[in-house]
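Engineer: Got a structure for you, written out below as structure tokens; questions coming shortly.
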Amino acid sequence: MSEQGTSSAIRVIIADDHPVVILGARAALDQAGDMLVVGEAADGDRLMALLASRPCDVLVTDFSMPAGRH
């Protein structure tokens, strides 16, 4: 259901500095059927930009990511 779906879908942003984690989380959420991944971030700056520009219901994030101001 990535990037396309119904308005009743749970909107999710995934943030992790390991691409394989993002891919795995996206695959699991896509299979759930009622989740819509609305953004992905590999660092704190990108995550903050996403949170400011895209509404989400759930944030799945790494506790510690390198680089950036955040």
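The values are calculated or read from the model by the stated rules, or taken from the named source; none is laboratory data. Note that the structure is predicted; figures quoted are calculated from it, not measured. Ligands, DNA and RNA are stripped out before the accessible areas are found, and what is left, the full protein with its side chains, is counted by its heavy atoms. Shrake-Rupley method; radii C 1.70, N 1.55, O 1.52, S 1.80 Å.
Engineer: When you scan the stretch 21-70, how many residues do you find that are among the aliphatic types (A, V, I, L, M) and not in a helix (DSSP H, G or I)? Spell out the reasoning first.
Structural biologist: Initially, the stretch 21-70 is screened for residues among the aliphatic types (A, V, I, L, M), giving 21-23, 25, 27-29, 32, 35-38, 41-42, 47-52, 58-60, 65, 67.
Narrowing further to those that are not in a helix (DSSP H, G or I): 35-38, 41-42, 58-60, 65, 67.
Summing the residues that are among the aliphatic types (A, V, I, L, M) and not in a helix (DSSP H, G or I) in the stretch 21-70 gives 11.
Engineer: When you look at residue 34, is it under 23 Å from residue 8 (Cα atoms), open to solvent by 60 Å² or more (accessible area, probe 1.4 Å) and among the acidic types (Asp, Glu), yes or no?
Structural biologist: Numbers: under 23 Å from residue 8 (Cα atoms): yes; open to solvent by 60 Å² or more (accessible area, probe 1.4 Å): yes; among the acidic types (Asp, Glu): yes.
Spelling it out, residue 34 is indeed under 23 Å from residue 8 (Cα atoms), open to solvent by 60 Å² or more (accessible area, probe 1.4 Å) and among the acidic types (Asp, Glu).
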